[in-house]
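Student: Please see the structure below; I have some questions.
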Amino acid sequence: MTARPQSMKSRITVRPREYHDSVRLMQVSAQVRRLDGVEEAILMMATDTNKNLLAAAGIAGREIQEAARDDLVIGVVARNADVADTAMAKAVNLLRSRTSDVRARQHVSLDTAVAAMPDASLALISIPGEYAVEETRKALRAGLNVMLFSDNVPLDDEIRLKRLAEERGLLLMGPDCGTAIIGGNGLGFANAVRSGTVGIVGASGTGIQEIAVQLHHRGLGVSHALGTGGRDLSASVGGLTMLRGIDMLAADPDTHVIVLTSKPPDRDVAARIVKRASACGKPVVVNFLGGDTVAVTRAGLVAAQTLTGAANRTVQLLRPNGRTAPASARSDNEFHRQVSEVAGLLSPKQVYLRGLFTGGTLCYEAMHVLQDHIGPVYSNIARQSGYHLGDCSRSREHTLIDMGDDLFTRGRPHPMIDPDLRNRRLLQESEESDVAVVLLDLVLGYGSHMDPAASLAETVRDARTRAAQDGRHLAVVASVCGTEQDPQGLARQKRLLADEGVVLAASNAEASRLAGMIVSTAAERTAGGASR
Amino acid sequence: MSKPKHDLLNSDLCVINVGLQQFAESLAEQSVEVAHVNWEPPAELEPELEQILEELL
C-alpha cells in the first residue's frame with residue numbers, strides 16, 4: 001500500500017444485511033471514484049477476503065472487523081472531509097437508485113419465479129458458490145436446465161448435481177461455466193456471432209468464445225454452444241456434461257458439424273468422449289489444446305491443436321474449397337516484416353515476454369503456441385512441472401498470467417468485467433527493464449466490460465511512457481475476441497488500442513506467435529551481434 | 001430417465017436469472033424472455049438458534 005498524505009480523509013459506512021451483487025458494487029465504486037478529489041472508493045460485502053482487500057486499500061476500522069459477511073461496507077478516501085462526505089452520500093444514493101431499465105420481471109425467490117414463468121427452460125445461476133448448490137438442486141427439481149456460472153462449488157456436489165440432471169434428462173452446464181449460446185442467444189460471457197450450423201461443446205468459456213468468433217470471421221455461424229465447466233473432463237466427473245452435449249447436438253437438426261474444446265482431459269475420459277463423438281453420426285472437430293491427437297484421428301475425427309485451428313478445420317469440413325483465414329489476417333510477408341520491425345526497436349537487455357490474460361483458455365493456448373518459439377513459460381496455470389509460478393504477484397523470465405484465476409477474483413468481479421487488476425499488473429511489468437513484449441487479450445461480448453479498450457489503451461499509454469522515460473521501447477501485442485455486432489463494437493475497440501501503438505493480431509494464436517517471434521528474433525539479433 | 005419439460009435447443013429460450021443482474025440485462029437486450037430473482041444470502045443464525053431450529057424441523 002502506498003502512503004497517503006496526512007490530509008486525506010476516509011469515511012466508512014457499514015450497512016447491515018444489505019446485499020448487492022459484486023458487479024453492481026463495482027459499477028457504483030467506479031462511479032464514485034470518478035468524482036474529483038476522490039482517491040479510493042470501495043463497496044464490498046464484508047467477507048473475510050474482502051476485509052483484507054479493504055485493509056490493503058487503506059480502509060480499515062473496528063466497524064469493518066465487526067461486520068458480518070452479509071453486511072455491506074462502503075469505504076471512501078478523499079482529498080478532504082467535504083469531498084469524503086459527498087462521495088459517501090453519492091455511493092448511498094447510487095445504491096438506492098433504480099438499478100437498471102431491465103425489462104426482466106423481478107422475483108424474491110426461484111420458487112416464485114418458476115410459478116410465475118411456467119415456460120422457463122433454463123436457470124442461469126451466478127450467486128456465490130457456497131449457496132449455488134442448493135439453488136441448482138431446486139432448479140433441476142423444478143425441471144429446468146441449468147447454466148451454473150458460479151465457481152467454488154465442491155467437486156462432490158458437482159458430481160451429485162450432474163447425476164441428478166442426467167436422471168431428469170436435463171442439461172447442467174457448469175459449475176464455473178462462463179459461456180453458452182442457445183439458439184443464437186448469448187448467456188453469461190458470450191459474443192454476438194452469426195447463427196449457423198456449427199455446434200460447440202466446450203469446457204472453457206473463452207475457448208468457446210474464441211472458436212465462435214473465429215468461425216464468425218470466416219463467414220460461418222453457431223447453432224448452439226454448450227459449456228461444461230472446467231472440471232467436467234476430469235476422472236471424477238467423467239465428462240457427464242460433454243457426453244450429454246454431444247448427444248444433444250447430434251440430435252439437433254440445425255447442427256451439421258460439432259466442435260469439442262477443452263484442455264487435455266483425463267485419458268480415460270478422453271477415450272469415452274472420442275468414442276461417443278465418433279458414433280454420433282456427424283463430423284466432429286476435437287480440440288484438446290495441445291493434447292494427444294493420435295486417438296482422435298484414429299477414431300475418424302478431425303484433430304485441431306489450437307482454437308483458431310479448430311475454426312479452420314471446421315471451415316475445411318463445411319467448405320472444402322474455401323479460404324480458412326479471415327480476410328483481415330496478415331500475409332506471411334507482412335507477418336515477418338512486422339516481427340522484424342518491432343524486434344529492431346528493442347534493446348539487447350529486453351529479452352522477456354509477459355502475457356496478461358483475462359481469458360484462462362486464451363492464456364493456455366498462448367502457452368502452447370509459445371512453446372515452439374521461446375520454449376516453456378512460467379504461469380499460474382502451467383502444466384509443465386517446474387514452471388508453476390509460486391508467487392503470482394511477481395513474474396519471472398517469460399511469464400503468462402491468467403488474471404481470471406480464483407486467486408485474483410476472490411471477492412471481486414472477473415477481469416473481463418473489472419479491468420483494474422490487469423491494468424495495474426501491466427504497469428508493474430512495464431517497470432521491469434528486461435521485458436520486451438507484453439501480450440494481451442481483450443474479450444468483448446455480452447457480460448464483458450462495456451468499453452474495455454478505453455482503460456486498457458490508457459494503461460498501455462502510461463506503461464509505454466514509463467518505459468520510454470527509461471529509454472526502452474515496450475512492445476505490446478494483443479488480439480481482440482469480438483465481433484462488430486458485440487455491444488462494444490469490434491472496430492472501435494481495435495482502433496483505441498491501435499492508436500496507442502498496440503500490434504493487433506487476428507486471433508489469440510496469431511498474437512501469441514507474433515509476440516513469441518518478436519522475442520526470439522530480438523534474441524537472435526543480440527546473439528548475432530555479440531558473436532560478430 | 002424422465003422426459004424433460006423442454007427441448008432446450010429447439011424451443012424459445014426462456015430464462016430465470018439468479019444472481020448477477022447484468023446477465024438478465026444482456027438477455028433482455030437480446031429480446032430473450034427473462035425473469036430476475038433478487039437473490040440475497042440467507043440470514044446468518046446464531047449457532048445455538050440454528051441447532052434448536054434443526055432439532056425442531
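Student: Throw me the Rg/Rh for the stretch A:333-478, computed over C-alpha atoms with Kirkwood Rh, two decimals.
Tutor: With Rh from the inverse mean 1/r over Cα pairs, Rg/Rh is 0.95.
Student: In the protein assembly as shown, if the dipole is taken from +1 on Lys/Arg beta carbons and -1 on Asp/Glu beta carbons about the Cα centre, which of A:ILE417, A:MET8, A:TYR378 is farthest to the positive end?
Tutor: Value computed over the given set: A:TYR378.
Student: For the stretch A:438-473 and the stretch A:119-173, write down the distance between their C-alpha centroids in whole Å.
Tutor: Distance between centres, Cα-based: 37 Å.
Student: Using a 10 Å cut-off around each Cβ, can you sort A:CYS280, A:CYS177 from fewest to most neighbouring Cβ atoms? Intermediate values should be presented prior to the final figure.
Tutor: Values: A:CYS280 16, A:CYS177 32.
So the residues, fewest neighbours to most, are A:CYS280, A:CYS177.
Student: Right, another one. Which far-off residues, 5 or more places away or on another chain, put their amide H under 5 Å from the one on A:VAL443, with H placed in the peptide plane?
Tutor: Distant-sequence amide H within range of A:VAL443: A:CYS481.
Student: Let me ask something additional. Taking beta carbons within 10 Å but only from partner chains, what does the mean come to for residues A:110-123?
Tutor: Whole-number average of other-chain Cβ neighbours for A:110-123 is 5.
Student: Would you mind checking which residues have amide H under 5 Å from A:VAL286's amide H? H placed 1.01 Å from N; only 5 or more apart, or other chain.
Tutor: Under 5 Å from the amide H of A:VAL286: A:LEU260, A:VAL302, A:ALA303, A:ALA304.
Student: Short version: ³J(HN,Hα) in whole Hz for each residue of the stretch A:212-224, in order, from phi by Karplus 6.51 cos²θ - 1.76 cosθ + 1.60 (θ = phi - 60°), x for Gly and Pro, what are they?
Tutor: For the stretch A:212-224, the Karplus-derived couplings read 4, 5, 5, 5, 4, 5, 9, x, 9, x, 10, 7, 8 Hz, x marking Gly and Pro.
Student: How large is the convex hull of the C-alpha atoms of the protein assembly as shown per residue, in Å³?
Tutor: 166 Å³
Student: For chain A, what does the helix formula give at 222 nm: sum of -39500 (n - 2.57) over DSSP H segments with n ≥ 4, over the residue count, nearest 500 deg cm²/dmol?
Tutor: Helix contribution divided over all residues of chain A: -13000 deg cm²/dmol.
Student: I'd like the GluC sites (Glu not before Pro) in the stretch A:434-524 restricted to DSSP loop residues with at most 14 other Cβ atoms within 10 Å, sorted by number.
Tutor: A:GLU484
Student: Too long at a 24 Å Cα-Cα cut-off: which of A:LYS51/A:LYS162; A:LYS138/A:LYS162; A:LYS162/A:LYS275; A:LYS138/A:LYS282? Spell out each step's value before the answer.
Tutor: Values: A:LYS51/A:LYS162 34 Å; A:LYS138/A:LYS162 13 Å; A:LYS162/A:LYS275 20 Å; A:LYS138/A:LYS282 35 Å.
Distance filter (> 24 Å) returns A:LYS51/A:LYS162; A:LYS138/A:LYS282.
Student: Considering only DSSP beta bridges with both partners in chain A, what is the antiparallel share in %, to the nearest 5?
Tutor: Of the beta bridges lying entirely in chain A, close to 30 percent run antiparallel.
Computed from the coordinates by the stated procedures, all read-outs in this text should not be read as laboratory data. Bear in mind the structure is a predicted one, so any value in this text is a computation, not a measurement. Because the Cβ atoms are built from the backbone with ideal geometry, glycine has one as well, and the counts that use them run over all protein chains shown.
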